[in-house]
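What follows is one structure encoded as structure tokens, with my remarks underneath.
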Amino acid sequence: MNKKIIFSAVLSLGALSLAAQTGHAWTGGVPDPNSSQQEIQGKTDGVVPAEGVFKKWDPNDPDPGPNPIDPKYWVDVEVPAKILFGQTDATNNQIISPLYKVKNLSKKGVKIMINEVKPGLHADELKELTLNARVHGKEYPLVDPKNPTQPVMLADLKNKDEEATFTLTGNAGPNFQFDKTIKPEYEFLLSFQATN
């Protein structure tokens, strides 16, 4: 009878240890999603194993171990290294641009915003430039000589490996002359917010 009880206790503790090793990521200060309870009855002492995890954080493979305190550590995205756009006298009076993609690499969702388009070298030579982001068939202004622009939601990617595409549209303005080449530079200031 005693052997059965001892074997059962060892099996329970072994299962608890295995659950801790194969558990999921957890967050400090909230209930443990991997926790199971054991009952101790008719004894004045008991043993609860404790196990630590110390490792480099990886938002693609968070299990097992602690979730980060700051949600920014969940952000893992792919964005273009450079974006090209332009207009010639042969592009039907409009800016054209390749198609670009953004991709979520994290196990949590992410919102990707274009917060601001910062003008750089030669940008002041295009005083009437309008520049838009075309996302899901809708156009959102990024540069407008008549109105201040607002941040633009580029993508709300809820799942790992989910992608969204965008391109740029617009116009150099009705008074622009194509008699010389201008190569203006801009910086797209992005922000990322981990979700769900």
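Observations
- Straight-line cross-link partners of LYS158 among the lysines, defined as a Cα under 18 Å from its Cα and at least 8 positions apart when in the same chain: LYS72, LYS101, LYS103, LYS107, LYS108, LYS111.
- If you run the Gaussian network model on the chain, springs between alpha carbon atoms under 10 Å, then out of PHE178, PHE166, PHE85 the most flexible one is PHE178.
- Nearest-10 value in Å² for the accessible area of GLU78, using the 1.4 Å probe: 80 Å²
- Only the Cβ atoms of Lys and Arg (+1) and of Asp and Glu (-1) were treated as charged; on that basis the dipole of the chain about its Cα centre amounts to roughly 480 debye.
- Per-residue SASA entry for LYS101, accessible area with 1.4 Å probe, Å² rounded to 10: 90 Å²
- When region 14-143 is described by a simple charge dipole with +1 on each Lys and Arg Cβ and -1 on each Asp and Glu Cβ, the residue from VAL135, LEU99, THR88 located farthest towards its positive end is THR88.
- For region 101-196, diffusion coefficient by Stokes-Einstein and Kirkwood Rh (Cα), 25 °C, 0.890 mPa s, µm²/s: 167 µm²/s
- Estimated from helical segments only, the mean residue ellipticity of the chain at 222 nm is -3500 deg cm²/dmol, where each DSSP H run of four or more residues counts as -39500 (n - 2.57).
- In order along region 122-129, phi translates into HN-Hα couplings of 6, 5, 5, 7, 10, 6, 10, 4 Hz, rounded to whole numbers, per the Karplus curve 6.51 cos²θ - 1.76 cosθ + 1.60 with θ = phi - 60° and x for Gly and Pro.
- Rel. contact order, % - alpha carbon contacts under 8 angstrom, at least six apart, the chain: 23 percent
- Note on GLU185: accessible area is roughly 100 Å² with a 1.4 Å probe, heavy atoms of protein only.
- Ranked order, HIS136, HIS122 - accessible area, probe 1.4 Å, largest first: HIS136, HIS122
- For Rg/Rh (Cα atoms, Kirkwood Rh), calculated from these coordinates, the label among (i) 0.93; (ii) 0.97; (iii) 1.29: (iii)
The values are calculated or read from the model by the stated rules, or taken from the named source; none is laboratory data. Because the structure is predicted, anything quoted here is derived from the model rather than measured. Neighbour counts run over all protein chains shown; Cβ positions are idealised from the backbone, glycine included. Areas reflect the complete protein model, heavy atoms only, side chains present, ligands, DNA and RNA absent. Shrake-Rupley method; radii C 1.70, N 1.55, O 1.52, S 1.80 Å.
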